[in-house]
Amino acid sequence: MRNEFPYFLIRLSYGAVLLAHGLLLKIFDFTIDGTVSYFAESFGMPPLLSYFVIFGETIGGALIILGIYTRLAAFLSLPIIVGALFVHLGNGWLFSNQNGGWEYPLLLLVMGIACTIGGNGSFALKRLPIIDLFIPDILK
């Protein structure tokens, strides 16, 4: 039997970062309208896509922390993290560089992949029976 606790820590950390970026940073700090405007002005991102990012980070992060559809939530978060990685690529390696480097988004990408592969793991609330019917087995 393998020790699930280290994986639990990765899942918990990744979910916490997503939730914090979605809820605290984008909703409470910048506000939803401010985030949508910033993404549109800085990156040319359509408003609908900005809402998906906010929703994906907030709800996805909460689901990952709780261990509910972890594999699906982590998989759906990967495009968000890849987008963040591309935004920071030109800023150098260290995240302490001006506008943030790409070390932190790369770490998040690795954590997201680990959660996608690992799924719920131990200490998880698992799946909701009703919703479970609509999710492909590979993403459960």
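Where in region 66-96 does the amide nitrogen come within less than 12 Å of the point 7 Å from the Cα of L24, taken along Cα to Cβ?
Residues passing the 12 Å test: none.
Students sometimes get this wrong: rank L63, L133 by accessible area, probe 1.4 Å, all chains present, largest first.
So, going from the largest accessible area down, we get L133, L63.
Quick one: with all protein chains in place, what share of the accessible area of region 57-105 is carbon or sulfur, to the nearest percent (1.4 Å probe)?
Solvent-exposed carbon and sulfur of region 57-105 make up 71 percent of the total.
If I take every Cα pair under 8 Å that is 6 or more residues apart in region 82-140, average their sequence separation and divide by the length, what percent do I get for the relative contact order?
So the answer I get is 20 percent.
What are the chymotrypsin sites (Phe, Trp or Tyr not before Pro) within region 64-105 that DSSP puts in a loop, where the Cβ has at most 13 other Cβ atoms within 10 Å?
W93
What is the angle, in °, between the Cα long axis of helix 32-43 and the longest principal axis of the Cα atoms in the chain? Nearest 10 is fine, range 0 to 90.
Around 60 degrees separate the two axes.
Springs between alpha-carbon pairs under 10 angstrom, Gaussian network model over the chain: which of I80, I68, I130 fluctuates most?
Comparing I80, I68, I130 in the GNM, the peak value goes to I130.
Given a 1.4 Å probe, how much area per residue of the chain is accessible, in Å²?
About 59 Å² of surface per residue is accessible.
By accessible area of protein heavy atoms, probe 1.4 Å, what ranking do D33, D132 get, highest first?
These residues rank, largest area first, as D33, D132.
Just to verify a number: FRET efficiency for L49 and K126, C-beta to C-beta distance, R0 = 22 Å, to 0.05?
That pair, L49 with K126, gives E of 0.10.
Work out the length of the dipole vector of the chain about its Cα centre, built from +1 on the beta-carbon of each Lys and Arg and -1 on the beta-carbon of each Asp and Glu, and round it to the nearest 20 debye.
The dipole of the chain has a size of about 440 debye.
Roughly what would the spin-label model give for Q98 and S13, points 7 Å off Cα along C-beta, in nm?
Rounded to a tenth, the inter-label distance reads 3.0 nm.
First check a/c for region 1-50, with a ≥ b ≥ c the square roots of the eigenvalues of its C-alpha gyration tensor; if it is under 1.5, answer rounded, and if not, answer prolate when a/b is larger than b/c or oblate otherwise.
prolate
Please report the relative contact order for region 40-112, taking Cα pairs under 8 Å with a sequence separation of at least 6, and give it as a percent rounded to a whole number.
Result for region 40-112 is 20 percent.
The values are calculated or read from the model by the stated rules, or taken from the named source; none is laboratory data. These numbers were taken from a predicted model, which means no experiment stands behind them. Neighbour counts are summed over all protein chains in view; Cβ atoms, including those assigned to glycine, are modelled from backbone coordinates with ideal geometry. All accessible areas refer to the heavy atoms of the entire protein, side chains included, with ligands and DNA or RNA removed. Shrake-Rupley method; radii C 1.70, N 1.55, O 1.52, S 1.80 Å.
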